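Data block below; observations after.
What follows draws every value from the coordinates through simple rules; no lab data is involved. Only a predicted model underlies this, so the values are computations on that prediction, with no experimental measurement involved. Heads up, the Cβs are rebuilt from the backbone with ideal geometry, glycines too, and the neighbour counts pull from every protein chain shown.
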């Protein structure tokens, strides 16, 4: 039995040693494999292989327009204010805001004891003068009345009628122009002062939009230039450019004019833009492609070169290139900050 126990002990030690050897071999192999792996590539190495990510645009040919944007208040081309001619009570208002009137339409009526008495007196004078003319007519036709007496009778009638008309105007407010009623400050039952505004009328056959622009902007603008207003289909034009700036604001007034349109409402603030220059069939690139007097051009092998260009007309989106580029070439519009000549790029759609 003793010999059996000795053999089992030697076998256990042998297996333990073999197991230890296997573990050592595995550990050594793991370290060897780890040493064989390549190190992670750097950012520069990745960029060298795949290139800088960029957005590009193709150089094309087309028209180019430059607009300048402003805002101004819509005004009627002509405006008239009907004012109180007496302090009589406002008895009746016959129009409201938005109503259309013709020249001479009755829009408001004033009355009072004094004016009523004057009207009765003026009417009586007209009737008396008319009866006198009717009485003298047969005598004049029969030759029994001198031409001078006949002319005097007719003159008295004309004076009486004119006096009646003038008296009626102090009571009856008539529209001085044709157009749209834009404001009615008067109120029924009120007693205005002479000269107070009662009804405001705007001639909607045309509208004006005055603008205040800087001196530099004014140098670009000329009479007759095309003007567009936000939300208005029919274009207008520049009607006047002031020859001097306002001494307080240092701004120059530019007046634009539009034909009548239901889209324009007097008194509202509206955005407009003026076409200050335009050219046809020019080579164009996006404005963001231009950097330090040149552009980054993507070559056929996906590398870039910086190319100086000469430019002309430009707006908020496009720039005219007069030399340095050909139609169909591709230029970088985004991602150019890290580029250098010969760098590889990856075009992102």
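Contact order normalised by length for region 213-327, with contacts defined as Cα pairs under 8 Å and 6 or more residues apart; what percent is it?
20
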Checklist line | Hydrodynamic radius by Kirkwood, which averages 1/r over all alpha carbon pairs of region 79-200, in angstrom | finding: 16.3
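Quick one: order 323, 86 by neighbouring beta-carbon count within 10 Å, fewest to most.
Details: 323 10, 86 19.
Exposure proxy ranking, most exposed first: 323, 86.
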Checklist line | Debye equation applied to the C-alpha atoms of region 212-349, log10 I(q)/I(0) at 0.12, 0.16, 0.17, 0.22 Å⁻¹ | finding: -0.69, -0.88, -0.93, -1.26
Next item on the list: Apply the Debye scattering formula to region 204-275, with a single equal point scatterer on each alpha-carbon and no solvent, then give log10 I(q)/I(0) at q = 0.16, 0.19, 0.27 Å⁻¹.
Entry: -0.54, -0.74, -1.25
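Quick one: if the Förster radius is 35 Å, what FRET efficiency do residue 316 and residue 78 give, using the C-beta to C-beta distance and rounding to 0.05? If you can, show how the numbers build up before the last one.
Details: r = 36 Å, r/R0 = 1.02.
According to the calculation, E is roughly 0.45.
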Next item on the list: Take the alpha-carbon centre of region 316-346, take the same for region 77-111, and report the distance between them in whole Å.
Entry: 65
Item checked: For region 124-168, the spread of Cα positions along each principal axis, largest first, Å -> 37, 16, 9
Check: So for 301, 134, 105, fewest C-beta neighbours within 10 Å to most, what's the order?
Finding: 301, 134, 105
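Quick check on packing: order 172-180, 92-100, 142-150 by the mean number of other C-beta atoms within 10 Å, highest mean leading.
172-180, 92-100, 142-150
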